[in-house]
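Below you'll find the structure, written out as structure tokens, and then a few comments.
The values are calculated or read from the model by the stated rules, or taken from the named source; none is laboratory data. Bear in mind that the values here come from a model prediction, so they are computed numbers and not experimental data. Cβ coordinates were reconstructed from backbone atoms using ideal geometry, including for glycine residues, and neighbour counts include every protein chain displayed.
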């Protein structure tokens, strides 16, 4: 029988592939905002933390979540750089520049000791600044509906699952600390770009990224909840509470958007 790591890895790959394809289809039918709300749910980091918890226990999860919360700050420059690059450049150049920004930011963060309040403040500042500088890119071109070839979506799902496999195995081979670091690699956003950029163009993909920034506040809160509740309440309760926080936040953003209280594109 497969052990817990491989079962969780398979589940994570399937979830990532299904999630990103769902985002692409949602964007084509409803626009970048709703797609971004789905993309920022913790459906990639969640399975990674299940693996960490099963192998190392709640104490390790709490420690890893604190590192992850700090590293999450580096997702903001990843998003911002991709948005600006995607206006003029193709997928490879845009993602390469964004990944370089993420690695540089995450590398600096890992060389600093972070407390929970400092990590939360850094996330708040980084994503608020990201929202401010990318506010003009929330509305992209009207997404096109394509007559999909039979192999189109399966191929893109396979690419997404390959990215997930590389990140998780890389963390596994490099040790438990690297696994916690890899859990916060922007796999879903990278995969969204892989699917949407060639299919809908860089400006539409960038609009999804720009609209994802508000959703990252809910993801940040979810990480903080996991960090503070994993030991006293147990892993299962911590993950359920974290997921509930992220889902509730994104639903609230959707309701506010459809009431006309935010200027984000649908």
Could you figure out which of (1) in a helix (DSSP H, G or I); (2) touching a residue at least 24 places away in the same chain (Cβ under 8 Å); (3) within 28 Å of residue 204 (Cβ to Cβ) isn't true of residue 92?
(2)
Looking at (1) crowded, with 17+ Cβ neighbours inside 10 Å; (2) out of contact with any helix residue (DSSP H, G or I) (no Cβ under 6 Å at 6 or more places or on another chain), which one does residue 232 not meet, given that it meets all the others?
(1)
Close pairs from the stretch 104-118: first on the phi > 0 side of the Ramachandran plot and at pLDDT below 85, partner in a helix (DSSP H, G or I) and surrounded by 10 or more Cβ atoms within 10 Å (Cβ to Cβ), Cβ under 7 Å, at least 6 apart
none
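Report yes if residue 46 is at pLDDT below 90, touching a helix residue (DSSP H, G or I) at 6+ places or on another chain (Cβ under 9 Å) and crowded, with 16+ Cβ neighbours inside 10 Å, otherwise no.
yes
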Which ones in the stretch 87-139 are more than 18 Å from the chain's Cα centre (by Cα) and crowded, with 20+ Cβ neighbours inside 10 Å?
137
Qualifying residue in the stretch 54-66 (condition: in a helix (DSSP H, G or I) and within 28 Å of residue 195 (Cα to Cα)):
no
Of all the residues that make up the stretch 235-260, how many are within 23 Å of residue 139 (Cα to Cα) and loosely packed, with under 15 Cβ neighbours inside 10 Å?
7
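Residue under question is residue 24, and the condition is that it be touching a helix residue (DSSP H, G or I) at 6+ places or on another chain (Cβ under 7 Å), at pLDDT below 75 and within 15 Å of residue 193 (Cβ to Cβ); does it hold?
yes
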Within the stretch 120-146, residues being in contact with a helix residue (DSSP H, G or I) (Cβ under 6 Å, 6 or more places away or on another chain), at pLDDT below 95 and assigned to a helix (DSSP H, G or I) number 1
Residue 6 fails exactly one of the following numbered conditions: (1) surrounded by fewer than 16 Cβ atoms within 10 Å (Cβ to Cβ); (2) more than 18 Å from the chain's Cα centre (by Cα); (3) at pLDDT 85 or above. What is the number of that condition?
(3)
Which of the residues belonging to the stretch 192-201 are closer than 16 Å to residue 99 by Cα and buried (at least 24 other Cβ atoms within 10 Å of the Cβ)?
192
Of the conditions (1) modelled with pLDDT of 90 or more; (2) closer than 14 Å to residue 184 by Cβ; (3) surrounded by fewer than 23 Cβ atoms within 10 Å (Cβ to Cβ), residue 66 satisfies every one except a single condition; which number is it?
(1)
